[in-house]
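**Q** Have a look at the structure that comes next, please.
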Amino acid sequence: MSNLTREQQEIISELVTQALEKAVSSMEKMLRIRIKANHIEYGLGTLETIPELDQLGRFKAHLVKLMFTGDMRGAFYFVILDHEVDLINSVCLPEEFQSDKRTENKLMKHGFMSEIENVIAALSVKEISEALGVQIELRVPQIQILPGSEINQFFKKENKIYKTAFFVKSVLEGQAVNIAPFFIWILDESFLETLRLNTSGG
């Protein structure tokens with residue numbers, strides 16, 4: 001991020017830190033378990049390959065995409081393993097919803113996770129909007145289930161679609177319950193343009 005001024009770097013650092021703190025706090029309240037944001041990386045350019053995802057091989061992962069539009073374009077993504085979804089549901093959902101036998105129970109389990117992710121994404125949108133004085137709007141979550149080995153390929157395509165200029169990658173790790181979903185942001189060039197317009201180094 002050397003081609004940004006110190007002021008711009010500080011704004012980005014504060015924005016990412018506060019958004020992740022709110023994501024953690026919100027997730028803790030909804031799941032009633034302790035969460036910590038770990039392995040935080042952010043920077044200019046495209047999201048690079050995430051080796052940990054390739055190591056998953058054929059293990060299935062839920063990939064939730066929450067696109068946003070308005071004064072800037074991009075998306076938030078959650079990557080959470082199938083067994084982590086089950087673990088969250090077994091800890092947090094009432095017992096009568098924990099069976100996979102009934103279709104509505106399956107929907108409840110997926111709905112519960114996407115609701116958590118929706119809330120976290122909305123908080124992140126709010127942080128970006130307030131920090132940069134922009135209007136952005138979240139779209140409806142899109143959920144797909146992929147083998148871990150295909151997820152980096154998915155992000156490669158997303159980088160092209162959004163012409164990624166800035167990314168954030170973090171892991172929201174459960175402290176007592178063994179979950180560690182990835183929380184990823186991809187933003188286009190208008191994020192940096194707005195940042196430059198909002199600072200004295202613009």
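**Q** Considering only DSSP states other than H, G, I, E and B, which trypsin sites (Lys or Arg not before Pro) in region 23-88 qualify as loop sites with at most 11 other Cβ atoms within 10 Å?
**A** R32, R58
**Q** A further question follows. Treat each spin label as a single point 7 Å out from the Cα along the C-beta direction, and report the R196 to Q55 distance in nm.
**A** If labels sit at R196 and Q55, their model points lie 3.8 nm apart.
**Q** Is there a pair in K60/K156; K22/K156; K65/K126 whose C-alpha atoms are over 23 Å apart, and which pairs would that be?
**A** K22/K156
**Q** Using helices alone, what [θ] at 222 nm do you get for the chain, with -39,500 (n - 2.57) per DSSP H run of 4 or more residues, divided over all residues and rounded to the nearest 500?
**A** Calculated mean residue ellipticity at 222 nm is -15000 deg cm²/dmol.
**Q** How far apart, in nm, are two points set 7 Å out from the Cα along the Cα-to-Cβ line at Q9 and at R32?
**A** The modelled label-to-label distance comes out at 4.4 nm.
**Q** Given contacts defined as C-alpha pairs under 8 Å and at least six residues apart, what's the relative contact order of region 6-197, whole-number percent?
**A** Over region 6-197, the number comes to 37 percent.
**Q** Report the calculated FRET efficiency for L87 and Q142 (r = Cβ-Cβ distance, R0 = 30 Å), to the nearest 0.05.
**A** Working from the Cβ atoms, E equals 0.85.
**Q** Picking from N178, N89, T199, whose Cα lies most toward the positive end of the charge dipole for the chain (charges on Cβ: Lys, Arg +1; Asp, Glu -1)?
**A** Ranked along the dipole, the leading option is N89.
**Q** Taking the structure as given and computing semi-axes √(5λ) of the Cα gyration tensor in Å, which label from [x] 25, 24, 16; [y] 30, 18, 15; [z] 32, 20, 12 fits?
**A** Step by step, semi-axes √(5λ) of the Cα gyration tensor in Å for this structure corresponds to label [y].
**Q** What's the angle, to the nearest 10 degrees (0 to 90), between helix 151-162's Cα axis and the longest principal axis of the chain?
**A** For helix 151-162, the angle is close to 40 degrees.
Laboratory data are not the source of any read-out in this text; all were calculated from the coordinates shown. All values reported here derive from a predicted model rather than from experimental measurement. Positions of Cβ are backbone-derived with ideal geometry, glycine not excepted, and every protein chain shown enters the neighbour counts.
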